[in-house]
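Step one of this worksheet: look at the structure below.
The values are calculated or read from the model by the stated rules, or taken from the named source; none is laboratory data. Note that the structure is predicted; figures quoted are calculated from it, not measured. Positions of Cβ are generated from backbone atoms using ideal geometry, with glycine treated the same way; all protein chains shown enter the neighbour counts.
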Amino acid sequence: MSDLFPSRSPESRATGEAEASTEGSAPARERLRELMAAAEDASPADPSEDESARERRIPRWLRERLPRFLLGALPDPGRAGCFGVVALAVLGCAVFAVTWNPGDRSTPVPSRALPTVERAVTTTSPPEQLVISVVGKVHEPGLVTLDAGARVADALRAAGGPLSDSDTLALNLARELSDGEQIHVGIEPPDGAERPASGADPASSDTLDLNVVEEEGLKELPGVGPVTAGAILRWRSEHGDFDSVEQLSEVDGIGPATLARLRDLVRV
């Protein structure tokens, strides 16, 4: 058996393995040479052409704003890099638009004039009808209902008219009535009866105080006009208050007949 398969020494076995390894690596080295040659063929011969292509891949708006020497220093982002830059720019603009706060630049709101509020004034309207008490020498004494604006003559007519022996000279038949008033026909008002303020209701059935009544009240008395009323006031300013109604005879323009008509209408 040793003749058929002679044994090899360790040195011969190592030499054979090295030769086999060298023979197997030859194709790999050849393939590496081919790839390097292909890479050299693919690279541009002119470096300026490679630079121009790289600049074209940079966005136009960026090329217009950067100096020439910076364009050469910029790295080549490639097509995907350009799209990424644009996307980031759009995203930044959107975030700025959403988060931007104008602060104090708000538009002032013009002030609107407030409407003028008028305070409602409550006024008591006069009654549409009057209730008048007519007492004394009339055919139907009692309460009568008259329309607003009625006169003393209307009240006497509603009470059936005065009696034949009734003296109505003391009444101002043209005086306008007020609601709740009482008219005394031909009789004196009883003591304690409610009387209007002196001069406030001139020529009524109630008497007027000669020392208080003013010119307007005097002119409502029968037989007393503006001239006589002025004479009464002038006498009062010269002599003081009247002591009696009879002193009216000392006033210019008042004779016995006028004094007789005024005697029951005035007092002191």
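Of note, GLU176 does not satisfy the criterion of being modelled with pLDDT under 85 and farther than 21 Å from VAL245 by Cα.
The single condition among (1) modelled with pLDDT of 80 or more; (2) in the same structural domain as ARG236 (by TED's automatic domain parsing); (3) touching a strand residue (DSSP E or B) at 6+ places or on another chain (Cβ under 6 Å) that THR145 does not satisfy is (2). Output the residue which, of all residues in region 204-218 that are surrounded by 17 or more Cβ atoms within 10 Å (Cβ to Cβ) and touching a helix residue (DSSP H, G or I) at 6+ places or on another chain (Cβ under 8 Å), is modelled with the lowest pLDDT. Among those that are surrounded by 17 or more Cβ atoms within 10 Å (Cβ to Cβ) and touching a helix residue (DSSP H, G or I) at 6+ places or on another chain (Cβ under 8 Å), it is LEU208.
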